[in-house]
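In what follows, a structure is listed as structure tokens, so that the remarks can point back to it.
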Amino acid sequence: MEVKHNSFFQPQRQSKIGIVLLFLYNVGIIIKSLWILIVLFFIKKEKVESGIIAAAIVIAVLILIFSAILQYFNFKYYIDEENQEFIIHEGIINTSVTKIKLKNIQEVNISQPFIHRFFNIYKLEVDTPGSLEKEVKISALTKQNALDLKKYLLTEIKVEGHKEQIENVLVNNELKDHFIKISTLSILKYGITANYIQSFLALVSLVIYGFSELSNILRKVEFETQLNYDTVEEQFMAFSIPVIIGIVVMTIIIGILINTGRTIIKFFNFKIIENNRSFSFEYGLFSTQNSIVNKSKVQVIIETQNWIQKQLSIFYVKFLQIGKNEGEEKNVAAVPGVNNNEKQKLISAIWKENPIFENDLKPNFRLIFVNTFKFVIIPLLLIFTIKEELLLNYLFLTLSFIVIAEIFILIFYRNLRLFYNERFIRIKSGIWDVDCKTFEVEKLQTVKISQYFWQRKTNLGSITFCTSAGRFKIVALNYQKLKKLLNYCIYKIESSKNI
């Protein structure tokens, strides 16, 4: 059956149900910005006349409805056939026009947040290299329009005079799709074994934030009972050490459970749809997400695995594309809980092979002493300078810190490696979560080696690989071997430019 695609060469508006969605968005913004005032209002509402309350609510609703209607009619989008640009008009008072070259479009993501499901509409986001935020967001599209627009924007073909050719490309891509599904059990395994430290810290931060906000509210409404950090700290320290340890352990367990639930909700029903040019990731329980990974634009593949995940044979794989970097977690395409076979299929689909490395460089043992000085001796010296009795009063904690820090330093040293072959380079690093960052030599932008003057006698140096997805550095390696690797990388980079 032939699939009929929409044409986007004429200005179009969002789905009409978008007016309701924009109204709800505006209500949400008001509540988010003024929630403290709303809470105070309900606490002291008896002091305000009901007529004034009703009038204020009616006026606010009318303003929000009128604003949503103006937003809907002023928002238009289309593809400029002549200039090969995606153009968006938007705004109420200050209108703006955004133009994006089709060749610069990095990613087009389709999602269906929870509220969108009630109206059976989807949200589409367009991203370009170098931007921290999504450049364009279209909040209300039908599923077919969203899918068609995504394929139009990601079709690397001259638009002018070739509308029929684009239609054929879109249909052909659909016929060649391959499907992989990550099981719920694999996602559950990943949720239990990943990010628990972050979850614990996030839970503690949430408790502190909630405590602060509750204190502020009690102070504003002039409650007799007030909360302060000193009182809570005294009551907490009054418990015995086993009780405190138990509280910490319970907090960690709660953090793991929260992280597991959050992971399942986020990545539920994870599907990977592959065609000749790209991968499409679809996932989410309440909010369906859809993101694209263009195979030709993948610069770095990062495989992450800790000891527990290794026993369970699961990985977390991230794909860094042009203009992305590892720190922009929201903008990085990732697949959680994949097994080794699934991981190899994804990598070989991009690079046509799974890299095998015969050569490797290990850091010099002097790196252990350098890291000990940086992360153990310097902090202790600073504490000693500020208040020397702290180290003596808390001698057990000081010794524990030294032992734990040294263990981490030794594990980091053991895991740190540089692997390379004729086509690929891989940097392995990490303490608990071990990352393997792999990239093609020919796609490197530049390579730099450096050596401090005190490293000349020991023949050590560092090397930095610069890609369009970020920089990756490894230190304390044999400098003569780094020179040979540098010359080879430059040769491959220059040779690829001449092809």
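The values are calculated or read from the model by the stated rules, or taken from the named source; none is laboratory data. Just so you know, these numbers come straight off a predicted model, no measurement behind them. Methodologically, a virtual Cβ is constructed for each residue, glycine included, from the backbone with ideal geometry; neighbour enumeration extends over all protein chains shown.
One residue stands out in segment 112-129 among those that are modelled with pLDDT of 80 or more and farther than 18 Å from R13 by Cα: the one that is surrounded by the fewest Cβ atoms within 10 Å (Cβ to Cβ), namely F118. Scanning segment 77-128 for residues that are in a strand (DSSP E or B), among the charged types (D, E, K, R) and over 17 Å from S291 (Cα atoms) returns D80, E85, E90, K99, K101. Are any of the residues in segment 307-318 at pLDDT below 85, polar (S, T, N, Q) and in a helix (DSSP H, G or I)? Checking segment 307-318: not a single residue is at pLDDT below 85, polar (S, T, N, Q) and in a helix (DSSP H, G or I). Taken over segment 408-464, residues that are in contact (Cβ under 8 Å) with a residue 24 or more places away in the chain, among the aliphatic types (A, V, I, L, M) and surrounded by fewer than 18 Cβ atoms within 10 Å (Cβ to Cβ) amount to 2. Residues that are under 26 Å from the mean Cα position of the chain (by Cα) and farther than 20 Å from N306 by Cβ: does segment 425-438 have at least one? Looking through segment 425-438, at least one residue is under 26 Å from the mean Cα position of the chain (by Cα) and farther than 20 Å from N306 by Cβ.
Does segment 451-481 hold any residues that are among the hydrophobic types (A, V, I, L, M, F, W, C) and more than 27 Å from the chain's Cα centre (by Cα), and which are they? Answer for segment 451-481, where residues must be among the hydrophobic types (A, V, I, L, M, F, W, C) and more than 27 Å from the chain's Cα centre (by Cα): F453, W454, L460, A476, L477.
When Q84 is tested against (1) more than 23 Å from R277 (Cβ to Cβ); (2) in contact (Cβ under 8 Å) with a residue 60 or more places away in the chain; (3) not hydrophobic (A, V, I, L, M, F, W, C), just one condition goes unmet, and that condition is (1).
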